[in-house]
Amino acid sequence: MSNTADVIIIGAGVQGASLAFHLAKRGAKVIVLEKKFIAAGATGRSSGLVRMHYDVKQDSELAWVSFQYFRNWKEMVGGDAGFTRTGFIQLVAHDDVEKLKANVAMHQRIGIPSMLIKADDVKRLAPSFVTDDIEFAAYEPESGYAMPSDTANAFINAAKEKGARIVQDCAVTGILGDSKIKGVQTTQGDFFAPVVVNAAGAWAGKLNEMAGLDLPYDTWRHDTMFVARPSQIGPSHPTVIDFAHEMYFRPEGNLTLVGLEDGNPLGESPDSDTDHAKKGFVERGIDRICRRIPIMENGALHSAHGGYDGITPDQHPMIGAAGPDGFYLNCGHSGTGFKTAPAVGLCISELILDGKFKTIDLSIYQPQRFAEGKQIIGEHPYSSIWR
Ligand SMILES: Cc1cc2nc3c(=O)[nH]c(=O)nc-3n(C[C@H](O)[C@H](O)[C@H](O)COP(=O)(O)OP(=O)(O)OC[C@H]3O[C@@H](n4cnc5c(N)ncnc54)[C@H](O)[C@@H]3O)c2cc1C
């Protein structure tokens, strides 16, 4: 098999997989190199929330374009991403209500089905929730969650059908070329292409260094747990981000997945144990979910584990060309890059093949912004971010 391509993608997470699909669809010869297996990194651990509520316009636009893929997956990609519509509720702390209103207005201007609702509406949507602390919430009736590993595999399968090659168990160990990219060195020999894309998630910092780049890049750990839901809650509940309690949760069958916004360590090795959650996480998670859904006290812990993503100082991805000619970054998705992957892959395929972004201008995510003293921040930013 040929080791030469138009584009080499490092990493078969959902981001590398989406880009491979979009490039192959346009006729480019693509090789994806993956050190383990498809969705072995953050993607395989992702909670899979699919919602459009953000405080940065481009994030919402990416999520909205991506949403068209999730809800029309079979026609647009093929296979199944496992999208389940549950409705999505965004809850915020009292101090952030004006920001919530401004952000919903921004979403509506984009065309996203999003509306402001009040506490009694939340109660109607989710009778088991405590709503005393809620004045307003944002509601996206169309949103929900999808299956991240299935999503990445569906993208890879579709890319393969269009001629892409995926090489698993193949770690990139070096970048070939000085001022101009020639290819990569790997544990399975050298591969050649004039374009190389770093989509290596939590490991991407190491590859940036191999390409001679000095960029602020860290790892971010995030634990999640599944709780067997007591039957009193009913067959399901909406997907929720609850900034007031610094957590999010969503249903999956008769389980509820819970993640916390705080206590997510930075700077650990992404090769650390992810089969178990960190000490104390489950206790904190149970305390939080029971504050919003007291009857959850009758639930039972099903399982808990962790995952690692790449994170940047403004908690937004690095997307675009950087370093040697032909080297591109698609990394640093900072704990929120599952739902946006379909559109990010589309836009980067445009940048590589057409020389510019067409569907959405992603230039705000350019990797050089930190050196220029710029950070991405929404017009009405929430105070609650990963900690
Ligand atoms: C627990 C958890 C929950 C999350 N929940 C959500 C959510 O609900 N919604 C959402 O939108 N986002 C969520 N995220 C974030 C989202 O999952 C990630 O942003 C996204 O999956 C990143 O995809 P990726 O392809 O960039 O990285 P990854 O999925 O990490 O893929 C990178 C791949 O690169 C490979 N690799 C690394 N180094 C090399 C090398 N040298 N050579 C070859 N291959 C290499 C790795 O093995 C890996 O498979 C969550 C993340 C975590 C950890």
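Here is how the numbers come out for the structure above:
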quantity: Computed [θ] at 222 nm, helices only, for the chain once each DSSP H run of length n ≥ 4 contributes -39500 (n - 2.57); calculated: -8000 deg cm²/dmol
quantity: For region 272-333, with +1 on Lys and Arg beta carbons and -1 on Asp and Glu, the positive-most of 306, 294, 320 along the dipole; calculated: 294
quantity: Among 36, 180, 279, residue whose mean-square fluctuation peaks in a GNM of the chain (springs only between Cα atoms under 10 Å); calculated: 279
quantity: Under 12 Å, Cβ to Cβ, from residue 338 - net charge with Lys/Arg +1 and Asp/Glu -1; calculated: +1
quantity: Charge sum, other residues only, whose C-beta stays under 13 Å from residue 323's C-beta, Lys/Arg counted +1 and Asp/Glu -1; calculated: -3
quantity: Long pairs among 99/356; 74/123; 180/206; 182/356; 74/101; 36/279, criterion Cα-Cα beyond 25 Å; calculated: 99/356; 74/123; 74/101; 36/279
quantity: Inter-part distance where region 235-256 and region 160-224 are each reduced to a Cα centre, Å; calculated: 35
quantity: Förster radius 41 Å - calculated FRET efficiency between residue 268 and residue 118 (Cβ-Cβ, nearest 0.05); calculated: 0.50
quantity: Region 262-387, relative contact order [Cα under 8 Å, separation at least 6], %; calculated: 24
quantity: Extension gain, residue 171 back to residue 132 (0.36 nm per residue minus Cα-Cα distance, nm); calculated: 8.9 nm
quantity: Among 337, 111, 285, residue whose mean-square fluctuation peaks in a GNM of the chain (springs only between Cα atoms under 10 Å); calculated: 111
quantity: Cut-off 12 Å between beta-carbons: net charge of the residues surrounding residue 117, Lys and Arg +1, Asp and Glu -1; calculated: 0
quantity: Mean Cβ count within 10 Å, highest first, over the residues of peptides 99-109, 192-202; calculated: 192-202, 99-109
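Since every read-out is calculated from the coordinates, none of them should be taken as a lab result. Please read these numbers as outputs of a predicted model, since none were measured by experiment. Backbone-built Cβ (ideal geometry, glycine too); neighbour counts: all protein chains shown.
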